[in-house]
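**Q** Mind having a look at this structure? Questions to follow.
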Amino acid sequence: MAGRAQPSGPAGSGGGAPGLLPLLLLLLCAAAIIPRGHGQNLVTEDVTVVEGDVATISCRVKNSDDSVIQLLNPNRQTIYFRDFRPLKDSRFQLVNFSNSELRVSLTNVSISDEGRYFCQLYTDPPQEIYTTITVLVPPRNLVIDIEKETAVEGEEIELNCTAMASRPATTIRWFKGNKELTGKSEVERWSDMYTVTSQLLLKVGREDDGVPVICLVDHPAVKDLQTQRYLEVMYKPQVRVSQNYPMQGLTREGEPLELTCTAFGKPQPTDMRWLRVDDEMPQHVVVSGSNLLISNLNKTDNGTYRCEASNAVGKSHADYMLFVYDPPTTIPPPTTTTTTTTTIPTTITGTSVPPTASAEALPTVHLSNASLASRPSDSRAGEDGAIRSVDHAVVGGVVAVVVFAVLCLLIILGRYFARHKGTYFTHEAKGADDAADADTAIINAEGGQNNSEEKKEYFI
């Protein structure tokens with residue numbers, strides 16, 4: 001509740017019934033001579049309304065004693081006396097009337113309606129309280145002005161946003177896309193209205209082309225009031241060189257090379273050209289628009305190739321460094337008859353081949369031109385085949401050596417055991433057949449003990 005008790009004064013009248021005017025004058029005179037009260041029984045609230053909307057004024061009595069309630073305008077003219085409207089202004093309409101409340105609406109509110117409105121209660125002593133109507137006026141126009149319609153990247157441009165004829169003064173905020181920026185505002189007052197102008201200094205780049213700059217208003221009378229302008233920024237070309245062929249891998253001698261140059265700018269580049277940095281372009285290089293083709297690379301083509309593009313803003317370029325590598329190495333396929341000679345014995349189904357077998361006894365391999373032509377020409381395949389054949393030969397040789405060594409060992413052991421097989425006799429055994437015991441056999445042996453030093457053993 002925003003109000004306070006005030007002394008009651010003479011109530012003006014904008015017209016009414018002739019018989020009612022003397023009564024009103026009598027009541028006003030009586031109120032003038034009655035001691036003033038403190039407004040403890042009256043209740044009201046301040047009203048804030050947007051221009052053109054409806055304002056509602058309510059005068060309420062806490063403890064009603066059937067006293068008369070009256071509503072007066074800022075000029076102390078009676079708007080309503082009980083449920084009667086003396087003031088001839090059809091914008092005021094009675095919303096509710098009772099012993100405890102007088103509620104009145106005011107349509108199409110304007111700035112001239114702003115001020116204090118008085119609620120009076122004719123008690124002893126009479127009571128009075130006031131309510132204030134505040135009228136809000138939204139900005140009439142919201143305009144963005146740009147210093148340059150078309151800017152060049154790197155320039156700093158000035159933007160101004162103006163909110164005219166608002167009440168109270170508005171607050172202006174700036175946005176570039178979703179990013180909020182800071183501007184500088186100035187406020188001018190014209191009578192009861194305010195005009196606010198905000199200035200924004202913005203350095204633009206190519207990434208700002210087509211981005212909206214938004215001017216947004218913060219004001220209690222309006223929500224989401226904004227305007228925007230799209231930036232138009234010119235920038236020099238952005239150049240890129242791509243390799244079409246070979247798509248992957250090294251650039252080798254004897255192979256082709258194809259490059260493509262692409263450029264984007266505003267305005268779109270119209271002049272594109274290829275050149276060789278620090279050297280002349282080779283005569284066998286073919287340039288067609290944005291494409292560069294070398295059908296047969298060689299070491300003299302090494303160097304840096306540049307694509308240049310230009311527009312009204314400026315010139316840009318992109319470089320491609322070419323290094324020609326050696327061609328891939330290849331192993332030619334055999335074109336003559338291949339003969340394989342070995343001295344390693346092999347065993348086939350129990351039959352041993354002597355190590356002195358001649359090369360003529362082994363099979364020969366004849367390769368025809370047709371079979372050679374059917375083989376792939378990839379150098380890597382030839383190398384893999386040669387490696388595999390070498391591996392097989394080594395493994396076969398090792399196996400043959402092991403088998404030969406085992407056979408030789410078996411032959412030697414067989415001959416050794418065959419020569420040591422049988423019964424062996426010594427001179428001591430002579431006469432043992434006729435001897436009754438071992439001592440007698442020794443005495444009867446040829447030569448006896450006297451010839452024992454001449455005994456010899458013979459091994460056959």
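The values are calculated or read from the model by the stated rules, or taken from the named source; none is laboratory data. Everything numeric in this text was worked out from a predicted model, so none of it was measured. Cβ placement follows ideal geometry from the backbone for every residue including glycine, while neighbour counts extend to all protein chains displayed. Quick note on the areas: whole protein, heavy atoms, side chains included, nothing else; ligands and nucleic acids left out. Shrake-Rupley method; radii C 1.70, N 1.55, O 1.52, S 1.80 Å.
Yes/no matrix, rows are residues, columns are (1) open to solvent by less than 30 Å² (accessible area, probe 1.4 Å); (2) out of contact with any helix residue (DSSP H, G or I) (no Cβ under 9 Å at 6 or more places or on another chain); (3) under 30 Å from Ser310 (Cβ atoms):
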position	(1), (2), (3)
Gln199	no, yes, no
Arg206	no, yes, yes
His219	yes, yes, no
Asp224	no, yes, no
Leu231	yes, no, yes
Tyr235	no, no, yes
Ser242	no, yes, yes
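**Q** Something else about it: Are any residues in segment 166-183 in contact (Cβ under 8 Å) with a residue 12 or more places away in the chain, in a strand (DSSP E or B) and within 32 Å of the chain's Cα centre (by Cα), and if so, which ones?
**A** Arg173, Trp174, Phe175, Lys176, Leu181
**Q** Could you tell me whether segment 84-93 includes any residue that is at pLDDT 95 or above, in contact with a strand residue (DSSP E or B) (Cβ under 6 Å, 6 or more places away or on another chain) and more than 25 Å from Pro138 (Cα to Cα)?
**A** Checking segment 84-93: at least one residue is at pLDDT 95 or above, in contact with a strand residue (DSSP E or B) (Cβ under 6 Å, 6 or more places away or on another chain) and more than 25 Å from Pro138 (Cα to Cα).
**Q** Also, quick follow-up: Filter segment 260-306 for residues that are closer than 30 Å to Val233 by Cα and open to solvent by less than 30 Å² (accessible area, probe 1.4 Å) and give the result. Lay out the reasoning, then the answer.
**A** Residues of segment 260-306 that are closer than 30 Å to Val233 by Cα, as a first pass: 260-275, 289-291, 306.
Within segment 260-306, Thr260, Cys261, Ala263, Gly265, Pro269, Trp274 meet the criteria.
**Q** If you scan segment 44-56, which residues turn out to be in a strand (DSSP E or B) and open to solvent by 40 Å² or more (accessible area, probe 1.4 Å)? Before you say what the answer is, go through the steps one by one.
**A** Just the residues of segment 44-56 that are in a strand (DSSP E or B), to begin with: 47-50, 55-56.
Of everything in segment 44-56, those that are in a strand (DSSP E or B) and open to solvent by 40 Å² or more (accessible area, probe 1.4 Å) turn out to be Thr48, Thr56.
**Q** Additional query: Only residues that are assigned to a strand (DSSP E or B), of a type outside the set (Phe, Trp, Tyr) and open to solvent by less than 70 Å² (accessible area, probe 1.4 Å): list them for segment 186-195, please. Break it down into steps so the answer makes sense when it comes.
**A** Of segment 186-195, the ones assigned to a strand (DSSP E or B) are 186-190, 193-195.
Right, trim to of a type outside the set (Phe, Trp, Tyr) and you get 186-189, 193, 195.
Result: Met193, Thr195.
**Q** Return the pairs, sorted by first residue and then second, in which the second residue is among the aliphatic types (A, V, I, L, M) and open to solvent by 30 Å² or more (accessible area, probe 1.4 Å), the first residue lies in segment 196-213 and is assigned to a loop (DSSP other than H, G, I, E, B), the beta carbons are less than 6 Å apart, and the residues are 6+ apart or on different chains.
**A** Pairs that qualify, where the first residue is assigned to a loop (DSSP other than H, G, I, E, B) and the partner is among the aliphatic types (A, V, I, L, M) and open to solvent by 30 Å² or more (accessible area, probe 1.4 Å): there are none.
**Q** For segment 57-138, give me every one of the strands (runs of 3 or more DSSP E) that falls completely inside it and has 3 or more residues that are open to solvent by less than 10 Å² (accessible area, probe 1.4 Å) and among the aromatic types (Phe, Trp, Tyr).
**A** none
**Q** Something else now. Hey, Asn108 hits all of (1) in contact with a Ser or Thr (Cβ under 9 Å, 6 or more places away or on another chain); (2) at pLDDT 95 or above but one; which does it fall short on?
**A** (1)
**Q** On to the next question. For segment 250-274, give me the residue count where each residue is of a type in the set (A, V, I, L, M) and farther than 17 Å from Leu297 by Cα. First the steps, then the outcome.
**A** Step one: of segment 250-274, the residues of a type in the set (A, V, I, L, M) are 250, 257, 259, 263, 272.
Subset that is farther than 17 Å from Leu297 by Cα: 263, 272.
Number satisfying all stated conditions: 2.
**Q** Looking for something small (Gly, Ala, Ser) and open to solvent by 30 Å² or more (accessible area, probe 1.4 Å) - is there at least one such residue anywhere in segment 176-184? Outline the logic, then answer.
**A** Pass one, segment 176-184, residues small (Gly, Ala, Ser): 177, 183.
If we keep only those that are open to solvent by 30 Å² or more (accessible area, probe 1.4 Å) as well, we get 183.
Yes.
**Q** Then there is this: Starting from residues that are outside any strand (DSSP E or B) and of a type in the set (A, V, I, L, M, F, W, C), keep the ones in segment 244-259 and report whichever is least open to solvent (accessible area, probe 1.4 Å).
**A** Leu250
**Q** Would you be able to say whether some residue in segment 57-67 is on the phi > 0 side of the Ramachandran plot and modelled with pLDDT of 50 or more? Don't jump to the end; show me each part of the working.
**A** Here is the first cut: in segment 57-67, the ones on the phi > 0 side of the Ramachandran plot are 66.
Restricting the remaining residues to those that are modelled with pLDDT of 50 or more gives 66.
Looking for residues that are on the phi > 0 side of the Ramachandran plot and modelled with pLDDT of 50 or more, one finds at least one in segment 57-67, hence yes.
**Q** Output the residues belonging to segment 307-325 that are more than 28 Å from Lys236 (Cβ to Cβ), out of contact with any helix residue (DSSP H, G or I) (no Cβ under 9 Å at 6 or more places or on another chain) and part of a loop (DSSP other than H, G, I, E, B).
**A** Filtering segment 307-325 for residues more than 28 Å from Lys236 (Cβ to Cβ) gives 323-325.
Keeping just the survivors that are out of contact with any helix residue (DSSP H, G or I) (no Cβ under 9 Å at 6 or more places or on another chain) gives 323, 325.
Matches in segment 307-325: Phe323 only.
**Q** Go through segment 130-185 and report how many residues are hydroxyl-bearing (Ser, Thr, Tyr) and at positive phi.
**A** Going residue by residue through segment 130-185, those that are hydroxyl-bearing (Ser, Thr, Tyr) are 130-132, 134, 150, 162, 166, 170-171, 182, 185.
If we keep only those that are at positive phi as well, we get none.
Result for segment 130-185: 0.
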